[in-house]
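First up is the structure itself, then whatever we jot down about it.
Bear in mind these aren't lab numbers, they're just calculated from the coordinates by the rules spelled out. Nothing here was measured: the structure is a model prediction, and the numbers come from that model. With ideal geometry, Cβ positions are generated from the backbone for all residues, glycine too; neighbour counts draw on all protein chains shown.
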Amino acid sequence: MLFEGVCGVSVLSVNLAENGYDIVIEHGALVSLGNRCREVGLKGVAAVISNPTVSALYGAEVKKSLVTAGFSVVLIDIPDGEEFKNSTTLNRLYDDLLAAGVDRGSFIVALGGGVVGDVAGYAAATWMRGIPFVQVPTTLLAQVDSSVGGKTGIDHPKGKNLIGAFYQPRLVLIDINTLTTLDRRQFRAGLAEVIKYGVVIDRPFFEFVESNCAAILEMKPDVLIDIILRSCHIKAQVVEMDEKEAGLRAILNYGHTLGHAFETLSGYQCLVHGEAVAIGMVLASRISVAKGICSRDDAARICALISRCGLPVDIPPYDRQQLLNTVAADKKSKSGSITFICNKGIGMYAMSQHTSEELLRLSGLEA
Ligand code: NAD
Ligand code: GLY
């Protein structure tokens, strides 16, 4: 992995045989989007997929950069919200791509948070059997997690991300300035994925977030760049070792199995994704205590950091049977057995197989 810092630009390389790409992190990076697309060899029509919230803020700047670099540009909005990350939105998007003449010589730019990135990426993976795409993530969650690694997809009414493809972008361009318009709740939600990396892989990073929590919440630029770089670095390393989640990559699902279930049951209304992951991490650390691989003190420390970051730690009301059914429908479930990620103390992971009933019992949800 290459790690450079030139004139305030940081570039990480994700090394994946023929699917490798750079992650460029910079204040004001949007201006350079067009030239960077040229540099990676993209051609034809640039179809910028966004949503009304993000395109109103950044659509014009993105279009200008692409047009200046000589691309023809079409802007396509999908509706804003996880509840629209579905096949209806995708089919309308295909209609729009067709109407705009987006062909095999064109490419897609995903401009937005994780929802836009996942849907636009999946459209890129499937449109005319696959056209190139670029990720321009504008939420903290997308900048530290979803834009890197090539997981794309949509939700099914029975569960999150059940339909999708591994499809790597050609470039990830992170403009940290876009975080200034993000609302505080969404910013905090992104911190859940940052804490996740520390808990399962990198204890010093967990401690860094603990020590710098106030500065992070104040969005101090240096510390922001630091957490985004370190998160992308960790994620890229995991993806390089296991691009298609044959094994190791599953550790990045820490907090997601139970988190996804609460997110699905909330109808994507009460909890945003990062908040659901926060609750899932609290439960995963409880399960780790019950399995004897994490001390109560470490679990309390994880819970305290989640809470200091302004994320929820209380378990929402739920219906037992619905929760069991939703956990069982998770795509990590095979023949009733779920690969569950625990934390060994802070900074290490453990994988084990459990039924949904066992997970509920071990997490204390059935006490
Ligand atoms: P999101 O995409 O819904 O964005 C949150 C909100 O912020 C939206 O209303 C959006 O319009 C708004 N927004 C985005 N950028 C903004 C900006 N700069 N200024 C103002 N408002 C802005 O939510 P998210 O948390 O970014 O992503 C969650 C999604 O990511 C989930 O669907 C989750 O499944 C997915 N995800 C995917 C991966 C992956 O590897 N592909 C990893 C983690 C999460
Ligand atoms: N967010 C989990 C992964 O990308 O694998």
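Quick query: amide H of N161 versus all other amide H atoms, modeled in the peptide plane; which residues come in under 5 Å with a sequence gap of 5 or more or a different chain?
Result for N161 returns D155, H156.
Would you check the range 117-258 for Lys pairs whose C-alpha atoms are within less than 21 Å, ignoring same-chain pairs closer than 8 in sequence, and give me the count?
Close lysine pairs found across the range 117-258: 11.
Modelling each spin label as a point 7 Å along the Cα-to-Cβ direction, I'd like the R296/R308 distance in nm, to one decimal.
For the pair R296/R308, the computed spacing is 2.1 nm.
Amide H to amide H under 5 Å from K344: which residues, 5+ apart in sequence or cross-chain, H placed 1.01 Å off N in plane?
When sequence neighbours closer than 5 places are left aside, the close amide H contacts are Y349, A350.
Just report the Cα centroid separation between the range 219-284 and the range 86-116, whole Å.
What the calculation gives is 25 Å, centre to centre.
Note down the relative contact order for the chain as a percent, whole number, built from C-alpha pairs under 8 angstrom at least six residues apart.
On the way: 700 pairs, mean separation 53.7, N = 367.
Across the chain, relative contact order equals 15 percent.
With N set to the number of residues, divide the alpha-carbon radius of gyration of the range 89-238 by 2.2 N^0.38 Å and report two decimals.
Details: Rg = 16.4 Å, N = 150, 2.2 N^0.38 = 14.8 Å.
Compactness ratio reported: 1.11.
Please give the net charge around C37, taking every other residue with its beta carbon less than 10 angstrom from that of C37, where Lys and Arg add +1 and Asp and Glu add -1. Kindly include the intermediate steps, with their values, before the conclusion.
Values: positive: R36, R38, K43, R170; negative: E39.
Cβ neighbours under 10 Å give a net charge of +3.
Under the Karplus relation 6.51 cos²θ - 1.76 cosθ + 1.60, θ = phi - 60°, what is the ordered set of whole-Hz ³J(HN,Hα) values for the range 27-37, x standing for Gly and Pro?
Those phi angles translate into 6, x, 5, 4, 4, 8, 4, x, 5, 5, 5 Hz.
Return the inverse of the average 1/r over all pairs of distinct C-alpha atoms in the range 1-89, which is the Kirkwood hydrodynamic radius, in Å to one decimal. Show your work: numbers first, answer last.
Details: mean 1/r = 0.0672 Å⁻¹.
Taking the inverse mean of 1/r over all distinct Cα pairs, the range 1-89 comes out at 14.9 Å.
Rounded, prolate or oblate: which fits the range 256-367 when a ≥ b ≥ c are the square roots of the eigenvalues of the alpha-carbon gyration tensor, with rounded for a/c under 1.5 and prolate only if a/b beats b/c? Each step should come with its number before you reach the end.
Values: a/c = 1.74, a/b = 1.12, b/c = 1.56.
Judged from the Cα gyration tensor, the range 256-367 comes out oblate (a/c at least 1.5, b/c at or above a/b).
Is the C-alpha gyration tensor of the range 209-263 telling us rounded, prolate or oblate? Criteria: a/c under 1.5 is rounded; beyond that, a/b larger than b/c is prolate, otherwise oblate. Kindly include the intermediate steps, with their values, before the conclusion.
On the way: a/c = 3.48, a/b = 1.52, b/c = 2.30.
It is oblate, given that a/c is not under 1.5 and a/b is not larger than b/c.
Of the listed peptides 142-153, 204-215, 168-179, what is their order by residue-averaged count of other C-beta atoms within 10 Å, with the highest listed first?
Final packing ranking: 142-153, 168-179, 204-215.
Can you check what the Kirkwood hydrodynamic radius comes to for the range 124-197, Cα pairs only, in Å to one decimal?
Working: mean 1/r = 0.0737 Å⁻¹.
Mean inverse Cα-Cα distance, inverted, gives 13.6 Å.
Can you report the principal axis dimensions of the range 44-131 using only the alpha carbons, biggest first, rounded to whole angstrom?
Principal extents (largest minus smallest coordinate, Cα): 35, 30, 19 Å.
Just to confirm my numbers, what's the Cα centroid distance between the range 285-364 and the range 42-65 in Å?
What the calculation gives is 39 Å, centre to centre.
Listing C270, C309 from the residue with the fewest other Cβ atoms within 10 Å to the one with the most, what is the order? Display every interim value, and only then the final one.
Numbers: C270 13, C309 22.
Ordered from fewest to most neighbouring Cβ atoms within 10 Å, C270, C309 come out as C270, C309.
I need two numbers for the range 211-304: Rg to one decimal and Dmax as a whole number, Cα atoms only, in Å.
Looking at the range 211-304, its Cα Rg and Dmax stand at 15.3, 39 Å.
Please list the non-local residues whose amide H lies under 5 Å from the amide H of Y167, H modeled 1.01 Å from N, same-chain partners needing a gap of 5 or more.
The answer is K151, T152.
Using θ = phi - 60° and the Karplus form 6.51 cos²θ - 1.76 cosθ + 1.60, what ³J(HN,Hα) does each residue of the range 188-197 get, whole Hz, x for Gly and Pro?
Going residue by residue, I get 4, 4, x, 5, 4, 6, 5, 4, 3, 4 Hz, with x marking Gly and Pro.
Quick one: grab Rg to one decimal and Dmax as a whole number for the chain, Cα atoms only, in Å.
Expressed in Å, the Cα Rg and Dmax of the chain come to 19.7, 63.
Could you check the simple spin-label distance between K344 and K158, using points 7 Å along Cα→Cβ, in nm with one decimal?
For the pair K344/K158, the computed spacing is 3.5 nm.
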